Amino acid sequence: MAHKELIAGLNEQLNREVTTFLRYMLQAASIKGAANEVVRELYLEEVKDEVGHAQYLANQIVMLGGTPKLAPDLTPPPTEIPVMLERDAAAEEADVKNYVKLAELAEKAGFYSLKMQMEEQAADEDEHRHEMRRLLG
Ligand SMILES: [Fe+2]
Ligand SMILES: [Fe+2]
């Protein structure tokens, strides 16, 4: 298959997104206390962003002739807020790099709208990362 590497990369990132929105959903549910409401709101908002990213990736995999294969990491998330934010900021940073790589692969294959969407998702993750770092102080 001509776009094997691209489809494999999109599927890998799909699994990262699904893993992320499941984790953020559980972390948002576990956060209590008025003082922590900002962090809870951040995770609730980001669940929606990550679901949107996952949906786009799943659609593209099918459009390129692939089949989305789900194997999310279901490790229970941490319960301490600083640990959550630290780990998630690092994961968001890795996602930025993955999307930049996917944008390059898409451009090489001549899929320009896919390339631009990958760049947009890289920018979203970069913003998530900055928000988390800001909350860490
Ligand atoms: Fe995402
Ligand atoms: Fe994100």
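What follows is calculated from the coordinates using simple rules that are stated; it is not laboratory data. Here the structure is a predicted model, which is why all the values come from computation and not from measurement. All Cβ positions, even for glycine, are placed from backbone atoms using ideal geometry, and neighbour counts span all protein chains on display.
Across the stretch 101-108, computed HN-Hα scalar couplings (Karplus, 6.51 cos²θ - 1.76 cosθ + 1.60, θ = phi - 60°) run 5, 5, 4, 5, 4, 5, 5, 4 Hz from first to last residue, x flagging Gly and Pro.
What full-extension length gain, to one decimal in nm, is calculated for Y112 and L44 as 0.36 nm per residue of separation minus the Cα-Cα distance?
Once the chain is fully extended between Y112 and L44, it gains 21.4 nm.
As a length-normalised measure over Cα pairs under 8 Å and 6 or more apart, the relative contact order of the stretch 4-136 settles at 27 percent.
Per DSSP H run of at least 4 residues, take -39500 (n - 2.57); add these up for the chain, divide by its residues and hand me the 222 nm value, nearest 500 deg cm²/dmol. Show your work: numbers first, answer last.
Values: 4 runs with 107 residues, N = 137.
Calculated from helices alone, the mean residue ellipticity at 222 nm is -28000 deg cm²/dmol.
The phi torsions of the stretch 57-70, fed into the Karplus equation with coefficients 6.51, -1.76 and 1.60 and a -60° offset, translate into couplings of 4, 4, 4, 5, 4, 5, 4, 8, x, x, 10, x, 10, 8 Hz, rounded to whole numbers, with Gly and Pro shown as x. For a paramagnetic label modelled on A94 (point 7 Å from Cα along Cα→Cβ), amide N atoms under 19 Å away belong, within the stretch 15-34, to 15-27.
One way to sum up the overall shape of the chain is the equivalent ellipsoid from its Cα gyration tensor, whose semi-axes run 29, 15, 11 Å, largest first.
The overall shape of the stretch 96-137, judged from the alpha-carbon gyration tensor, is prolate: a/c is not under 1.5, and a/b is greater than b/c.
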